[in-house]
Structures are given as structure tokens and as C-alpha cells.
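The values are calculated or read from the model by the stated rules, or taken from the named source; none is laboratory data. Remember, it's a predicted structure, so these values are computed and weren't measured experimentally. Here Cβ is always computed from backbone atoms with ideal geometry, including for glycine, and neighbour counts include all displayed protein chains.
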Amino acid sequence: MTREDAGAVSPPRGIAVLAVVAIVFVALPVVGLAFRAPWSDLRSLWSPGARSALRVSLVVTAGASVLALLLGLPAAILLARARFRGVALVRGVVLLPIVMPPVVGGIGLLIALGRRGILGRPLGAVGIHLPFTTAAAILAAAFVATPLLILAVESGLRSIDPDLERAARAMGASRWYVLRRVTLPLLRPQIVAGVVLAAARALGEFGATITFAGNVAGRTQTLPLSVYQTLQSDPGGAILQSLLLVAVSLAAMIALRGRLLSR
């Protein structure tokens with residue numbers, strides 16, 4: 001417990017009661033999964049299908065995290081530092097995947113990058129066909145995950161004292177030098193938090209992936225898609241796979257606490 005936590009004022013009793021209700025509301029489905037899980041059948045997690053889905057999930061999550069960092073970091077810097085007409089609209093469009101139904105994002109990706117899409121035709125002319133490939137699954141996951149990284153980094157940028165950057169500029173440092181040696185080191189906790197959040201979101205992505213990349217075993221079938229398919233024939237196996245996803249997501253949230261709540 002920090003000094004600030006120790007000196008904080010306790011919430012009213014009514015707030016505490018409502019908080020308990022909220023915690024139970026969120027935790028009950030997870031407890032239900034754990035209660036109904038066939039723990040004696042844990043070996044099903046090592047079946048060829050589950051291992052293949054886990055491997056694809058790791059590849060997709062890693063690729064989407066890297067893509068989210070490469071695209072999200074510049075976007076966050078622009079949104080936090082640039083001043084131009086329409087910046088609010090641009091921010092709304094960039095963050096739209098957070099609230100957009102994932103299946104709608106998948107349809108949009110098909111229209112943009114499908115074989116007959118806006119960019120799909122030129123890509124196809126040079127032999128690049130994205131739909132129903134692992135690359136498509138990575139793009140779909142990155143599409144829904146990148147806004148989370150942007151939010152985390154932009155929030156960190158707005159908390160940095162601009163006088164530090166101005167002082168470096170006043171001493172003759174170039175904009176790139178200030179970015180590399182002042183801004184990015186100060187942003188390291190928020191960047192790490194954003195990457196972990198993006199990775200956790202990419203790991204759980206379902207709607208955009210199945211719409212744009214399909215559900216091809218060994219190529220685009222991630223763990224969430226495997227859970228959906230397994231549920232049709234083996235509910236117990238689907239529950240165990242679900243708990244694996246819950247465990248990974250929970251570990252990410254616990255690891256992020258100090259970064260998300262740091263001053």
C-alpha cells in the first residue's frame with residue numbers, strides 16, 4: 001500500500017455495496033467456468049487441434065502487437081501533439097474499432113483488402129492475397145487492438161511536462177533527438193502498457209478474424225475460434241480452452257496494474 005492509498009478516504013457504505021455487486025457481476029461467469037470445467041480432462045488442452053490453435057494465436061498476437069506498436073505510436077504522438085482542424089474527427093475515426101462491432105470491422109477489411117477490395121485488386125495484381133491467411137488474422141487483430149495502444153500512449157503524452165521537451169529544443173536538440181532521448185524514455189511505461197493491452201485484445205479477437213480471415217485450422221483458427229468450434233461437439237474442452245484464455249488475460253491485467261494506475 002502506498003502512502004497515498006493509506007491516507008485515502010474510505011468510500012461510503014452504499015458505494016462499497018454497489019462495488020461488491022459489480023465485482024460479483026463480472027466474476028460470476030469466470031467462477032462458473034471454473035466450477036463447470038472438467039479438470040480431469042486437462043489433457044484435452046494438448047490435443048493436436050488445441051496446440052495448433054494456440055500456436056496460431058501466439059503468432060497472430062505477436063504480429064498484431066508489433067503492427068499495433070508501429071502504427072499506434074506515431075498516431076498517438078500526432079493526436080496528442082499536433083493542432084489542426086478536424087483533429088477530434090480524426091481521433092474518433094482512429095479509435096472507432098473500440099466501439100465498432102468486430103464483425104463490422106471484418107466486413108470493412110474485406111471491402112478494403114479482399115480480392116475485389118479497394119486495395120485488394122492492386123495487391124492481387126502483384127500476387128498478394130490476404131483473406132483467409134495468417135496475415136489476414138494478424139491484420140484483423142491489429143485493427144481492433146491498435147486503438148488501445150493509442151489511448152495508453154496518448155494519455156501518457158498528455159501527462160508529460162512539456163517544459164522538458166521545450167528545454168531540450170532550446171538547447172539546440174532536433175525534434176527527432178527530443179523524441180528519442182526525452183519523450184520516448186518518459187513514455188516507456190505507457191508504451192509497455194499499451195503493447196500488453198493490445199496483445200491481450202488481439203489474443204481474444206473473434207468477430208473480425210472469422211469474417212476476414214475465416215476459421216482455417218492451422219492457419220487462421222485462433223484459440224477463440226477453436227473455443228467456438230469445440231463448443232459444438234465438446235463443451236468441456238471448450239470450457240478448458242476458455243479458462244486458458246481467461247488466465248492469460250487475467251495475468252496481463254495484474255501485470256499492468258502498476259503501469260495503468262501509476263502517476
*State which residue is surrounded by the most Cβ atoms within 10 Å (Cβ to Cβ) when the search covers only segment 228-244 and only residues that are among the aliphatic types (A, V, I, L, M) and without any contact (Cβ under 8 Å) to a residue 40 or more places away in the chain.*
238
*How about segment 52-83: which of its residues are exposed (fewer than 14 other Cβ atoms within 10 Å of the Cβ) and at pLDDT below 90?*
82, 83
*Going through segment 245-260 one residue at a time, which ones are without any contact (Cβ under 8 Å) to a residue 12 or more places away in the chain and basic (Lys, Arg)?*
257
*Pick out, from segment 1-94, the helices (runs of 4 or more DSSP H) lying fully within it that include 3 or more residues that are out of contact with any Gly (no Cβ under 8 Å at 6 or more places or on another chain) and of a type in the set (Gly, Ala, Ser).*
13-36, 48-81
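Only one of 239, 254 is under 20 Å from the mean Cα position of the chain (by Cα) and part of a helix (DSSP H, G or I); which? Before the answer, list the steps.
Working: 239 fails: under 20 Å from the mean Cα position of the chain (by Cα).
After applying the criteria, what remains is 254.
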*Would you check if residue 220 is of a type in the set (S, T, N, Q), within 23 Å of residue 98 (Cα to Cα), in contact with a helix residue (DSSP H, G or I) (Cβ under 6 Å, 6 or more places away or on another chain) and not in a helix (DSSP H, G or I)?*
yes
*For segment 33-51, name all the residues that are within 25 Å of the chain's Cα centre (by Cα) and either in contact (Cβ under 8 Å) with a residue 24 or more places away in the chain or under 13 Å from residue 242 (Cβ atoms) (or both).*
33, 34, 45, 49, 50
*From the list 124, 108, 156, pick out the single residue that is in a helix (DSSP H, G or I), free of Cβ contacts under 8 Å to residues at least 60 places away in the same chain and under 17 Å from residue 209 (Cα atoms).*
108
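Among residues belonging to segment 166-198 that are outside any helix (DSSP H, G or I) and loosely packed, with under 14 Cβ neighbours inside 10 Å, point out the one that is modelled with the lowest pLDDT.
Taking segment 166-198 and keeping what is outside any helix (DSSP H, G or I), we get 171-174.
Cutting the leftovers down to loosely packed, with under 14 Cβ neighbours inside 10 Å gives us 171-172, 174.
Details: 171: 86, 172: 82, 174: 85.
So, considering only residues that are outside any helix (DSSP H, G or I) and loosely packed, with under 14 Cβ neighbours inside 10 Å, the one modelled with the lowest pLDDT is 172.
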*Exactly one of (1) among the basic types (Lys, Arg); (2) modelled with pLDDT of 90 or more; (3) assigned to a helix (DSSP H, G or I); (4) over 12 Å from the mean Cα position of the chain (by Cα) is unmet by residue 201. Its number?*
(4)
